[in-house]
Amino acid sequence: MARTTDTALKTREADQPSPKAKSRLDLFKFVPFRLNRLAAEVSSALAVEYQERHGLDIPAWRVLATLGFRNDACSAQFIAQCTRTHKSTISRAVTNLLHEELIERVENEADRREFRLQLTTKGRALYEELFPQLLRREDEILACLSAQERKQLSALLGKIEQSLDLIQTSEEADAKEAY
């Protein structure tokens, strides 16, 4: 999972008091808790754009967004791995989006037993309408940060993603066959 080095562990241990010195874990200083809470808040703030206006839930948007940034069709498994969303959640979203005719199944030419997913014309139009709104909302959320702070935040998030072996770019996702 994480590629934490011995040096990084030793540095962390030196920077923190011994477990005996701490009487409890302060969640508001615990980075995993803070990241999770921020992710939930940001996701909810963005969801307003597609839930209220278009009736999409978060998993459905994740499917549309993943298909929207890609040049080629992809599997539901790819979407689940890329978005870190449980495959059954993605499966339900795919079923609903197929019913709404926002996505369609296409045969995988490399393996005719497998179907891939792609946006329909209707789905592409919705994606094209939504993503500028979401980018504006992202700007509103990050307005409390200067341009330099935004770059620093992006770089720091990238370092964490890299340490966890997470794919960081669309090109990298497209190139990685197993993803």
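P(r) for the stretch 116-179, from all Cα pairs and a bin width of 5 Å, is 4, 13, 12, 16, 20, 19, 12, 4, 0 %, short bins first.
Separation of the stretch 22-37 from the stretch 55-96 is 30 Å, based on Cα centroids.
Amide hydrogen proximity for SER75: with H placed 1.01 Å from N in the peptide plane, the residues at 5 or more positions away or on another chain lying under 5 Å are LEU117.
When HIS54, HIS86, HIS99 are compared by accessible area of protein heavy atoms, the largest-first order is HIS99, HIS86, HIS54, using a 1.4 Å probe. Note on the stretch 94-179: dipole from Cβ charges, positive end direction compared against HIS99, GLN152, GLN168; the farthest Cα belongs to GLN152. Largest to smallest in accessible area, the residues ARG70, ARG34, ARG84 fall in the order ARG84, ARG34, ARG70 (1.4 Å probe, all protein chains included). Extension gain, VAL31 to GLU128, is 31.5 nm, computed as 0.36 nm per intervening residue step minus the present C-alpha separation.
Note on the stretch 62-179: Rg/Rh from Cα positions, Kirkwood definition for Rh, rounded to two decimals, is 1.01. On full extension, the segment bounded by SER91 and ARG24 gains 20.2 nm, given 0.36 nm per residue less the C-alpha separation. For ILE103, the residues whose modelled amide H falls within less than 5 Å of its own, excluding neighbours fewer than 5 places apart on the same chain, are LEU98, THR120. Consider a paramagnetic label point 7 Å from the Cα of VAL48 along Cα→Cβ; state which residues of the stretch 124-167 have an amide N under 19 Å from it. Counting backbone N atoms under 19 Å from the label point, the list is 130-145.
In this view, the solvent-accessible surface of GLU49, computed with a 1.4 Å probe and all protein chains in place, comes to about 30 Å². Basic side chains Lys and Arg get +1 at the Cβ, acidic Asp and Glu get -1 at the Cβ, and with that the dipole of the stretch 90-179 about its Cα centre reaches some 180 debye.
The values are calculated or read from the model by the stated rules, or taken from the named source; none is laboratory data. Since this is a predicted model, take the numbers as computed values, not measurements. Cβ atoms come from the backbone with ideal geometry, glycine included; neighbour counts cover every protein chain shown. Accessible surface areas use protein heavy atoms only, side chains included; no ligands, DNA or RNA. Shrake-Rupley method; radii C 1.70, N 1.55, O 1.52, S 1.80 Å.
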